[in-house]
Amino acid sequence: YAGPSGIGAHALELERAAVVMELWEPESRCRRVQRYAASGSTLPWDRFSAWLECVCVVTFDLELGQAIELVYPHDVRLTEKEKTSICYLSFPDSYSGCLGDTQFSFRIRQSVGHKLSMNGEEEKYNRDAPVVLQWDRAHYYGFVYFRQVKDSTIKRGYFQKSLVLISRLPFVNLFCSLLQLVAPEYFEKLEPCLEAVCNEIDQWPAPVPGKTLSLPVMGVVIQVWIPSKNDKIGTSPLKQSNQENLLPAPMVIPTVNELDFFRCFQQILIHIQMVWELMLLGEPVIVMATSPTVSSDTVLALISCIAPLKYCCDYRPYFTIHDNEFKEYTTRTQAPPNVVLGVTNPFFIKTFQHWPHIIRLGEIKMSGDLPKQIKVKKLMKIRTLDTKPGIYTSYRTFLHKDKALIKRLLKGIQRKRPSEVQSAIVRRHLLELTQSFIIPLERYVASLMPLQRTITAWKNPPQIRPFNQEEFMKTLEHAGPQLTSVLKGDWVGLYRHFIKSPNFDGWFRMRHQEMRKKLDILHFEVLCQADLLKWIREKSEVEIVDLVLKLREKLIKARVHQLPVREDLLEKLELYVETVISSLPDDLQVVLHRH
């Protein structure tokens, strides 16, 4: 790999370090940022941080155990708690079964007070991205490439090291593919290689929803499409093979986050209805797997099986006894929290035997053409460390199984249908199921919005009507999921349980915010069409000043929150404000212009 020369890269790193140090000096930071902004330049590592928080190298130290050997860029400030979490989650729980290379992912809670706010670019990205791909304010995602090989030159007898990408973006496919390129090269050439790769990532364009991006790294161009919330679900321009004629041919990643559902669910295909309901209701679930790869992939597939609905509970694709939340999640003094945990250590069988739903996965065994399906078993049977694979739960599904789906998948296996086609069938089934469930809720919530004719310039926007569960239930008889789904069962019971769940709470809060924003936009447009000058003729100075302050507040809200209001309307209202102020006495004009 022909990266920058050692001297050139070192000089570039020194220059960046000097800029970072200057930015941290209170007196010069503001001035320096202004100078970079004025020149149209980006700050050092700005482009890198649009994709990654940092890159960590975790190694095994005979005295310390797992330890962070390197963090890049060097100025990234991780708390000790975050560093400890990354250390323990970057190695498999049991090393014996992981000779060679192993890839998996994890998710950790950020330390309190550690950058929970987002900058303008991140806010813009979140406005345009699907909810399942949004920038995470409170968690880090970790993507791990672990290598364990025999090495007689090392006291322990093994080379054990992990290269870890830390990000706030859940781009599992992109970052795992990036690691496959970078990690083997890094293990051979070490820090100079990593430095060169980070410098290349710092030249990448920012992730923009709705765009196909070409991302050069190590002589390869990764071509990736970032979905937008306005896209038709399940489509990708890269899947349709109309890429540019790039030489050399790019490494195409059709989707940044979608896992192979058929592979991830191959042991529980006949129970897909049950796991969909458990995720929809935000039930506490433990996934016990044979490796961190299976654990993390299964958990990520589970929480994404209710897309386009966002899974609003906590989830940990890979969880160990050293995790900071271990005590919080294993206490028996209260009910298990709404969380999905992926584990590999058999110790957890006893620790979590009081949890209501445990999915114990085993090694893949074939039963004819179909991977052997695990059975649903009673919870009381999960007591010993050699517990057999199965779904240990007393949960009874509200909806009946879709036998047609199972037959279709079985036929696909017999005909040697490619895994990605089988995966697309499972994904489409789950997507249609979620849409059938959510459409009646969307329709009812839309009816809570005030009529447009009730919005006037001289009053605050009208209130959105509150959600009334019984009123919603009455709509299901004529406008329920039966209009779009053939599945039979207790849909009403499923809705009642869903409305009590964190997923409903998160979904409704988001819809309520969107409706408030829509009301603000409509009110803004009505204000711009009103004859304000005529209105102020009969008003007192106090009322006019109050109007000016309210209009200014509207303008600030539109600018700061970037409401999708036409620029000409913003300018028109600003002109109105100036005209209204000019109608006031001079002393009031001075006060209003000053504030």
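The values are calculated or read from the model by the stated rules, or taken from the named source; none is laboratory data. Quantities reported herein were computed from a predicted structural model and do not represent experimental measurements. So basically every Cβ, Gly included, is an ideal-geometry build from the backbone, and we count neighbours across all protein chains shown. The area values use the complete protein model at the heavy-atom level, side chains included, leaving out ligands, DNA and RNA. Shrake-Rupley method; radii C 1.70, N 1.55, O 1.52, S 1.80 Å.
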In order over segment 449-459: 3J(HN,Hα) from phi, Karplus 6.51/-1.76/1.60, θ = phi - 60°, whole Hz, x for each Gly or Pro, gives 6, x, 5, 4, 5, 7, 8, 10, 5, 8, 10
Under 5 Å from the placed amide H of His357, counting only residues 5+ away or on other chains, we find Ile286
Amide H contacts under 5 Å for Ile222, restricted to residues at least 5 apart in sequence or on another chain and with H modeled in the peptide plane, are Leu215, Val217, Met251
Labelled set (i) 33.4, 110; (ii) 27.7, 92; (iii) 30.1, 105; Rg and Dmax of the Cα atoms in Å computed from this model equals the value at (ii)
Cα-Cα longer than 29 Å, checked against Lys83/Lys557; Lys378/Lys411; Lys350/Lys375; Lys232/Lys518; Lys310/Lys488; Lys83/Lys155, kept in input order, equals Lys83/Lys557; Lys378/Lys411
Along the dipole axis of segment 302-438 (charges at Cβ: +1 for Lys and Arg, -1 for Asp and Glu; origin at the Cα centre), the most positive-end residue among Ser394, Phe348, Ile306 is Ser394
Taking Cα atoms only, helix 80-89 is inclined relative to the longest principal axis of the chain by an angle, in degrees rounded to 10, of 40 degrees
So the carbon and sulfur contribution to the accessible area of segment 455-595, 1.4 Å probe, in percent, is 54 percent
Residues meeting the amide H criterion for Lys161 (H placed from the backbone, H to H distance under 5 Å, 5 or more places apart or on another chain) are Arg147
With a 1.4 angstrom probe the carbon and sulfur portion of accessible area for segment 114-198, in percent, totals 52 percent
Ordered by number, the trypsin sites (Lys or Arg not before Pro) in segment 449-495 that occupy a DSSP loop and have at most 11 other Cβ atoms within 10 Å are Lys459, Lys488
Result for the chain: accessible area per residue, probe 1.4 angstrom, in square angstrom, of 51 Å²
Diffing segment 217-225: the Karplus 3J(HN,Hα) column from phi (6.51, -1.76, 1.60, θ = phi - 60°), in whole Hz with x for Gly and Pro, holds 7, 6, x, 10, 9, 8, 10, 9, 10
Once all protein chains are kept in place, Ser111 shows an accessible area at probe 1.4 Å, nearest 10 Å², of 20 Å²
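Quick one: longest stretch of the chain between exposed loop GluC sites (Glu not before Pro), exposed meaning at most 13 other C-beta atoms within 10 Å and loop per DSSP? Please report the intermediate quantities before stating the final value.
Details: sites that count: Glu63, Glu244, Glu363, Glu538.
Formally, the longest exposed-site-free interval is 64-243.
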Once Leu379 and Gln589 are pulled to full extension, the length gained, defined as 0.36 nm per residue separation minus their Cα-Cα distance, is 68.2 nm
Rounded to 0.05, the calculated FRET efficiency for the beta carbons of Ile425 and Lys124 at R₀ = 30 Å is 0.30
Quick calc: nm separation of the 7 Å Cα→Cβ label points for Thr331 and Gln180 -> 4.3 nm
Full extension between Met251 and Lys155 adds, at 0.36 nm per residue less the Cα distance, a length in nm of 30.6 nm
In deg cm²/dmol, rounded to the nearest 500, the helical mean residue ellipticity at 222 nm of the chain, built from -39500 (n - 2.57) for every DSSP H run of length 4 or more, is -13500 deg cm²/dmol
Per the 1/(1 + (r/R0)^6) rule, R0 = 60 Å and r from the Cβ atoms of Leu549 and Tyr395, FRET efficiency to 0.05 is 0.60
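How much length is gained if the chain between Glu567 and Lys474 is pulled fully straight, taking 0.36 nm per residue apart and subtracting their Cα-Cα distance, in nm to one decimal?
29.2 nm
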Taking Cα atoms only, helix 502-529 is inclined relative to the longest principal axis of the chain by an angle, in degrees rounded to 10, of 20 degrees
In degrees rounded to 10, the 0-90 angle between helix 419-446 Cα long axis and the longest Cα principal axis of the chain is 30 degrees
Per the 1/(1 + (r/R0)^6) rule, R0 = 41 Å and r from the Cβ atoms of Leu370 and Ala446, FRET efficiency to 0.05 is 0.45
Karplus-derived 3J(HN,Hα) from phi for segment 178-183 (6.51 cos²θ - 1.76 cosθ + 1.60, θ = phi - 60°), whole Hz, x at Gly and Pro, runs 4, 5, 4, 7, 7, 4
